[in-house]
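Structure first, then comments.
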Amino acid sequence: MIAGAVRRAGLVDVLGAAGNVNVQGEEQQKLDVYANEVVKSALTFTGRVCVMGSEEDDDFIPVPDGYPVGKYVVLFDPLDGSSNIDANAPVGTIFSVYSRVSDGGRGDQRDVLQPGRHQVAAGYVMYGSSVMMVYTTGHGVHGFTLDPTIGEFVLSHQRITIPPTGMYYSVNESRFGRWDRGVQLAVRGLHGDFPDQIKGKNSRYIGSLVADFHRNLVNGGIFLYPGDVKAPAGKLRLLYECAPMAFIAEQAGGAATDGVTRILDLQPEALHQRTPLVIGSRDDVEYVRRIILEQRAREGAA
Ligand code: AHM
Ligand code: MG
């Protein structure tokens, strides 16, 4: 349903330009809200879920009264990267699944605020040139591609593994001047400025986490969204953006940190908490961590 709505987004804009009022901005916002409603109502009817959390809702969402309650907790970003829609760039849905820890009822805060290492499943759907779902339940990473001629997801990528070092780095480099020195040095290393440390990489950045992550997963590479002086925790949300991607990265043989600490070991304190993210090929993530720590040690010694 979301893929269908995303596919029509450009067309709706054309119709808007032909006479309807103010469709541009509004339709975009509606697509986020629509995706959120689709995911919530689909999950509500399964009977498998007790509580949900969404980027689009301020608070966590217990399954409403009158619906069967299950043992799972599902956190999601229903339409990530939606600012890209008017340029017809890929967007995605990200999800993260935990088992409940509360004893009964409709779930509470404790169920929602679990560290990422307790995830039992995670995945994303990417609305790109094909619609694809990539997921893990802790037994490797697998990808299904939607075959529109039969309306089914077909197993197209079995046991995806990410190369230990990759050909791409992906970061919003307009923030370079706001990063701390360690991050600046690490990104310069990824440029190839210090060939004795690491081989330089090509730059690729869409500004849509699912698409940037997916490209690096398939080809090898590293994605960074560091904190900076204006936003020390960066932009991306721990529970429904970073933790699920970190679970997938590790299951594919890659790694994910906040620059230093493993993402899956961070203890969340709020549903919409942000964290810096460094994710992708294992050796590249480790390289960034080493440079950041070395710089911190130099600053500590100075
Ligand atoms: P959103 O949840 O508001 O769509 O923001 C998340 C998106 C990610 O998909 C992407 O990695 C990031 O924002 C890009 O941010 P920036 O434009 O600052 O580079
Ligand atoms: Mg998002």
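The values are calculated or read from the model by the stated rules, or taken from the named source; none is laboratory data. The structure displayed is predicted, hence computed values, not measured ones. FYI the Cβ positions are ideal-geometry reconstructions off the backbone, even for glycines, and counts take in every protein chain you see.
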(request) Would you mind telling me which numbered condition in (1) crowded, with 24+ Cβ neighbours inside 10 Å; (2) away from ligand 2 (no atom under 16 Å from the Cβ); (3) touching a residue at least 40 places away in the same chain (Cβ under 8 Å) residue 60 fails? (result) (1)
(request) State yes or no: is residue 239 at pLDDT 95 or above, within 16 Å of ligand 2 (Cβ to nearest atom) and not assigned by TED's automatic domain parsing to the domain that holds residue 137? (result) yes
(message) Among the residues of the stretch 182-227, what is the count of those that are touching a residue at least 60 places away in the same chain (Cβ under 8 Å), within 25 Å of residue 86 (Cβ to Cβ) and not polar (S, T, N, Q)?
(response) 7
(request) Give the number of residues within the stretch 68-96 that are without any contact (Cβ under 8 Å) to a residue 60 or more places away in the chain, crowded, with 17+ Cβ neighbours inside 10 Å, more than 11 Å from ligand 2 (Cβ to nearest atom) and more than 22 Å from residue 119 (Cα to Cα). (result) 0
(request) Any chance you could count how many residues in the stretch 61-103 are closer than 15 Å to residue 241 by Cα and within 14 Å of the chain's Cα centre (by Cα)? (result) 15
(request) Considering only the stretch 202-225, state which residues are within 11 Å of ligand 1 (Cβ to nearest atom) and either in a loop (DSSP other than H, G, I, E, B) or of a type in the set (Ser, Thr, Tyr) (or both). (result) 205, 206, 207, 208, 225
